[in-house]
1. If one takes the longest principal axis of the Cα atoms in the chain, at what angle in degrees, from 0 to 90 and to the nearest 10, does the Cα axis of helix 17-32 lie?
2. Please report the spacing between the Cα centers of the range 347-373 and the range 122-152 in Å, no decimals.
3. Assign one of three labels to the range 201-333, namely rounded, prolate or oblate, based on the Cα gyration tensor with a ≥ b ≥ c the square roots of its eigenvalues; rounded applies when a/c is under 1.5, prolate when it is not and a/b is larger than b/c, and oblate otherwise.
4. For the chain, what does the accessible surface come to per residue with a 1.4 Å probe? Please give it in Å².
5. Please report how far the C-alpha centroid of the range 205-264 lies from that of the range 305-345, rounded to the nearest whole angstrom.
6. In terms of the Cα gyration tensor, with a ≥ b ≥ c the square roots of its eigenvalues, is the range 135-253 rounded because a/c is under 1.5, prolate because a/b exceeds b/c, or oblate?
7. On a 0 to 90° scale, report how tilted helix 338-351 is relative to the longest principal axis of the chain, with both axes built from alpha carbons and the result rounded to the nearest 10.
8. Please list, or write none, the lysines whose alpha carbon is within less than 28 Å of the alpha carbon of LYS103, excluding same-chain residues fewer than 8 places away.
Amino acid sequence: MYKIGFDAKRAFSNFTGLGNYSRTIISSLSGFYSSNKYFLYTPRYKQQPVHNFTDKPNIEIITPHGFSSIFSRTWRTTGIINDLKRDKIDIYHGLSGELPEGKKVCPMVVTVHDAIFMKFSGFYTYADRFFFEKKHISACRRADKIIAISNQTADDIIKYFNADPKKIEVIYQSCDPVFHRSITDEELYRVRKKYNLPCRYILSVGRVETRKNLNTLVRTLPQLPPDVKIVSLGGITPYFKEVLTTIKTLGLSERVQILSGADFADFPAIYKMSAMLVYASLYEGFGIPVLEALTTGTPVVTSNISSMPEVGGDAALYVNPENVNDIAEKINMFLSSPTLCEEMTGKGLEFSKRFREEKVVSEVYDLYNTILK
């Protein structure tokens, strides 16, 4: 039996990509390798429906106490070392690009998701870039092993963080198990009514920010059948003003729906009812919406750059994300050909099996064993 510790901050405080990755890894390991004891270290903890860690007897949640509770950020970066020693942790895994400083008391693994703040530095303040870069370089230096969630990320962390290539293992991530379950007609009806979804829509998933490139997708609408609409599933940032200007200029206010704050449990049905996912992102460390779509049997149009071809394989249509005509052409290919949709959906369901949680978590656990033995 091992005692395995995790930096679980994102598992409790983030309800998108980093949080989903953290929760999936923790839940999968505690389920498939239940003889171990798992310690979740987090600056703060509040029970939420999205995580049910308190129901598992092999999981213990650790929060700072005494003086450390006042300076929780310091505890997470340095003070936690004392807790790892106290709890006799065999291996510690930083799930979101961070590891504590100070004398190492056990082997450490870190998962690095991307180098977005380096590639798109103009969208970050100098202070944020400095902090993110510093913590990633430190984590890559201190880690016994580095998990990169794609080959694209592996290349980036060597380039930007001077990571030792010998330390890096590429282990893809899985999507939340909620996407693997069957969806009834009753659920589809309920979700469509709940969010007032249009009859025929293209789905865009992710925060409405520059990198996700929603503005370019909106500009394809004049080239698509008039009954086709766009549903954007994700939070809003100041970039939405640019999207809104395009919508108003092109007279498309009735054809774009911004769906912010939808329940995560409803995501699979929202995917399933869409004509396709269009994920024309300018850069991703992985691109989890592509995998979520393939897993639910949804056709995918995505970018031909960074990690998207790794996640989509032969089951997606690829585009230049900055070429409106190219994106519109691929969308129309799906819209006009049920046969093509059926073919690519079948490929997607098969291709997505290589990212199933049991495969991913076995690779993570094998990595732990390699280090510990």
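The values are calculated or read from the model by the stated rules, or taken from the named source; none is laboratory data. These numbers come from a predicted model, not from an experiment. Glycine also receives a Cβ, built like all others from the backbone with ideal geometry; neighbour counts cover every protein chain displayed. Heavy atoms of the whole protein, side chains included, go into the accessibility calculation; ligands, DNA and RNA do not. Shrake-Rupley method; radii C 1.70, N 1.55, O 1.52, S 1.80 Å.
1. Value to nearest ten degrees: 60.
2. 23
3. Working: a/c = 1.35, a/b = 1.21, b/c = 1.12.
Rounded.
4. Details: 16510 Å² over 373 residues.
Result: 44 Å² per residue.
5. After rounding, the separation between the Cα centres reads 18 Å.
6. Numbers: a/c = 3.23, a/b = 1.72, b/c = 1.89.
Oblate.
7. Around 10 degrees separate the two axes.
8. Answer for LYS103, where 28 Å is the Cα cut-off: LYS3, LYS9, LYS37, LYS85, LYS88, LYS134, LYS135, LYS145, LYS159, LYS166, LYS167, LYS373, listed by chain and number.
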